[in-house]
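First the structure, in the form of structure tokens, and then the observations on it.
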Amino acid sequence: MNRLVTRQMIADSGCSSYLIGSGKEFVLVDPLIDVERFMKSVQLDGGKIIGVFDTHVHADHFSGSREIQKLAGCPIYMHESSPVKFPFTRLEEKQYNMAGLKIQVLHTPGHAPEHVSLLVEDRVVLTGDTLLVRDVGRVDLGRGDANQLYDSLFSKLLKLPDNVEVFPGHVGKAHFVAGDTSSTIGAERRTNPALQSKAREDFIQYMTEGWPPKPAHYEQYIKVNCGLTEVGEAQFQRA
Ligand SMILES: [Fe+2]
């Protein structure tokens, strides 16, 4: 079994980024735009970032992936169905070996069509905005699909063993979710309200109600993160 280092870096906004590695090489998942802290975090230990993943096109913050690519000279990885307009390395649903780790890519659409979750060494799963602690990813930001989310949760993530640790893309009050920074598949199976009824129709009904306010400017974040507009050119009117 490989050594596994999972460094969770949570911004004040509750957005979580992750550095994962087994030695001096790391992959970075869902970086925010203030990328210096990720570079410093690996450089302090004499390490380097060899790849950067976006689990999906984010709708509530600017992705730092293209900045990391410039600074670290590494590829950007996204699911092959990603709509972004800049060059990236297309992920398929299969196992990759990177940074001395087995990384199984799971295509988990629902919150967004191109969403991937990353199962690392069969011990840790980075679930992005598909599965949160005691919540699931919203489907009301224009690109979501409750039917697909149902399959991603019940046919993929909940097929994992109970002891797999869950690290989500968002935590805490700012995102109207629990403050816990991680969970396990077993705990979510038992306690996550969205997962308690296993019937598809019930789940889809559950997903139509009770959403918090949409993130401000979410359409602008999507445009910038797709490479359609530069950060400085985004029009930030009230969402
Ligand atoms: Fe998201």
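The values are calculated or read from the model by the stated rules, or taken from the named source; none is laboratory data. All figures in this text were calculated on a predicted structure; none of them were measured in a lab. Note that each Cβ is placed from the backbone with ideal geometry, even for glycine, and that neighbours are counted across all protein chains shown. Please note that ligands, DNA and RNA were not included when accessible areas were found on the heavy atoms of the full protein model with its side chains. Shrake-Rupley method; radii C 1.70, N 1.55, O 1.52, S 1.80 Å.
Protein heavy-atom accessible surface, 1.4 Å probe, per residue over region 12-75: 37 Å².
With the charge dipole of the chain set up from +1 on Lys and Arg Cβ and -1 on Asp and Glu Cβ about the Cα centre, the Cα lying farthest toward the positive end among the listed residues 104, 4, 197 is that of 4.
For region 1-114, the Kirkwood radius over C-alpha pairs fed into Stokes-Einstein at 25 °C and 0.890 mPa s yields D = 171 µm² per second. Temperature 25 °C, viscosity 0.890 mPa s: under these conditions the Stokes-Einstein estimate for the chain, based on its Kirkwood radius over C-alpha pairs, is 137 µm² per second. Here the Karplus relation 6.51 cos²θ - 1.76 cosθ + 1.60, evaluated at θ = phi - 60°, turns the backbone of region 125-133 into coupling constants of 10, 8, 9, x, 10, 8, 10, 10, 6 Hz, with x for every Gly and Pro. Each pair of Cα atoms in region 52-97 enters the Kirkwood radius, and Stokes-Einstein at 25 °C and 0.890 mPa s then converts it into a translational diffusion coefficient of 217 µm²/s. Apolar share of the accessible surface for region 137-239: 49 percent from carbon plus sulfur atoms, 1.4 Å probe. Amide H contacts of residue 184 (H built 1.01 Å from N, in plane; Pro and chain starts excluded): 166 sit under 5 Å, all sequence-distant by 5 or more or on other chains.
Excluding residue 22 itself, what net charge comes from residues whose Cβ is under 15 Å from its Cβ, given Lys and Arg +1 and Asp and Glu -1?
Values: positive: 3, 7, 24, 48, 102, 123; negative: 25, 45, 121, 122.
Summing Lys and Arg as +1 and Asp and Glu as -1 gives +2.
At a probe radius of 1.4 angstrom, the accessible area of region 148-239 per residue rounds to 56 square angstrom.
Measure out, as a whole number of angstrom, how far apart the alpha-carbon centroids of region 10-56 and region 89-144 sit. So the two Cα centres are separated by 16 Å.
For the chain, the dipole from Cβ point charges (+1 on Lys and Arg, -1 on Asp and Glu) about the Cα centre works out to 380 debye, to the nearest 20. DSSP assigns beta bridges within the chain; of those with both partners inside it, close to 65 percent run antiparallel. In the elastic network of the chain, a GNM with C-alpha springs shorter than 10 Å, the most mobile of 186, 110, 128 is 186. In the assembled protein chains, residue 13 presents an accessible area of approximately 50 Å² (probe radius 1.4 Å).
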